[in-house]
Amino acid sequence: MQITFPDRPSALRAGAAATTLALAVALSAGCSSAGPASDDAAHPAGTVVRVPEDFPTVQKAVDVAREGDTVLIGPGTYRESVRVPKRNVVVRGTDRSAVVLDGGLKLANGITVTGPGSVVENLTVHGYLANGVLFTGVTDEKLQQRGAGGSAYDPLDTARFPPVEGFRATRVTSYNNGLYGIYAFDARSGVIEDSYASGHADSGIYVGQCKPCDTVVRGNTVERNAVGVELTNASDGLSIVGNRVAGNRVGVTVNSNDLEALAPQHGAVIAGNVVVDNNAADTPEQADGGFGIGIGIGGGTANRVERNLVRGNRAAGVIVTDPPGHPATGNRVEGNQVDGNGADLVLASADPGNCFSGNRPATQSPDGLEAAAGCGSPAHGPLPAGRTATVLAPPGVPFSRVPAPPAQPSLPDPTVPGRPATGLPGAVDPGAYPLPTDAGVLPAQPAR
């Protein structure tokens, strides 16, 4: 069968996601937890606002917090949606697994951050009909309730909604949400790190509509989603490094489309990741049928895919192809370990500007791909279209029924002063991420 890459409208067409999103819109007026403006008279002494000691809900604590404060959340289950419109606020749990925001399959978004420099860390968020954690410059609540971007409306007006500058998600566990786990849309200068995402009807981690993105996604574990990591119209200064992406339907996708602004996608680096066994049936079904793909570039340009371990993906290890209107060009696939896949390297793009060199694959499609389209070689002429292995996507499961993950590592000391998301992502050296040697563990991380 022909493999098509998952994109934003596909998830919105999926039965479970479409149903739950419609419910989210219907309930948004009653379930949104908007609070009053900050009340200095209610602010406790110091720079830490505690939940539940100072305020019974996370939203009330955020409403009172001042710029630079930390909202420190004690163990418990908080059945609310939280909006963080203020600058440089750190929202932190005292225990990653014991501080839980639960949407109860009734609320749209878990935590929505529109305040520049604000942070979410060391907590769990699940059971929301749209997104677990959303960082966005989209300040219109109706658009937020619909997921903040993509096919729910025309391409976003980037003049009306400039990107939020500065964001960070650290040690967040996000699972069983109706669209995305950790979602950066119309946001830049950020970091998503050391987090875990599973059971999402679209993708575990999504970075979309940013140029330049100036964002790093590092040290995360992403599994049992329709798509592990998705990049759409996300360009320049974007590094996906040292992550483990395993047991999804599709591992990593890099897309250009016209449903969001800022197409075509350009200039991401995908390096030092483990991308294995993305053929899991006990995952939310992806409506376009994508299944068994490790890393797919659909219309992306000038991306680098290097030193990744890509193994056990039944359709294809690494594939480059052209969606309508967006030829893939200038992509370099170098120095990867690509083995045990249905087809290890696949070039299905007609553009001669893509190249493959120094990979260690067992199979190439078309045959002799690296010899014909080597990096550093003269431009090649048209090649026969490569093909993936034939794989029938099995039925999926509703996102809410994916098993909950085990406890994940918490911050060693949640009482240390909070660090707002300023000056990010800092220096990022993709070359410091070596080729992983073990498919079963998170790749080695350089000191930072």
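Work out the FRET efficiency for Arg401 and Val441 from their Cβ-Cβ distance, taking R0 = 35 Å, and round it to the nearest 0.05.
0.80
FRET efficiency for Ala371 and Ala427, Cβ-Cβ distance as r, R0 = 45 Å, nearest 0.05?
The computed FRET efficiency comes out at 0.75.
What's the whole-number percent of alpha carbon pairs in the range 191-252 lying beyond 12 angstrom?
More than 12 Å apart: 60 percent of the Cα pairs in the range 191-252.
How far is helix 15-31 tilted, in degrees, relative to the longest principal axis of the Cα atoms in the chain, given as a value from 0 to 90 rounded to the nearest 10?
Roughly 20 degrees, rounded to the nearest 10.
Quote the relative contact order of the chain in percent (integer), defining contacts as alpha-carbon pairs under 8 Å separated by 6+ residues.
13 percent
Binning at 5 angstrom from zero up to the longest distance, how are the C-alpha pair distances of the range 59-149 distributed in percent?
Pair shares across the bins are 3, 15, 26, 26, 21, 8, 1.
Quick one: compute a quarter of the convex hull surface over the Cα atoms of the range 286-426 and quote it in nm².
Projected over every direction and averaged, the Cα hull of the range 286-426 covers 12.8 nm².
May I ask you to derive the relative contact order of the range 172-298, considering only C-alpha pairs under 8 Å and at least 6 residues apart, and to give it as an integer percent?
The value is 22 percent.
Among 350-359, 334-343, how do they line up by average Cβ neighbours within 10 Å per residue, starting with the highest?
334-343, 350-359
Compute the Rg to Rh ratio over the range 322-373 from the alpha carbon atoms, using the Kirkwood formula for Rh, and round to two decimal places.
0.97
Where is the GNM fluctuation largest for the chain (alpha-carbon springs, 10 angstrom cutoff): Pro425, Pro378, Pro162?
Per the Cα network of the chain with a 10 Å cutoff, Pro378 tops the list.
None of the figures in this text is laboratory data; all of them are computed from the coordinates on show. Just so you know, these numbers come straight off a predicted model, no measurement behind them. Here Cβ is always computed from backbone atoms with ideal geometry, including for glycine, and neighbour counts include all displayed protein chains.
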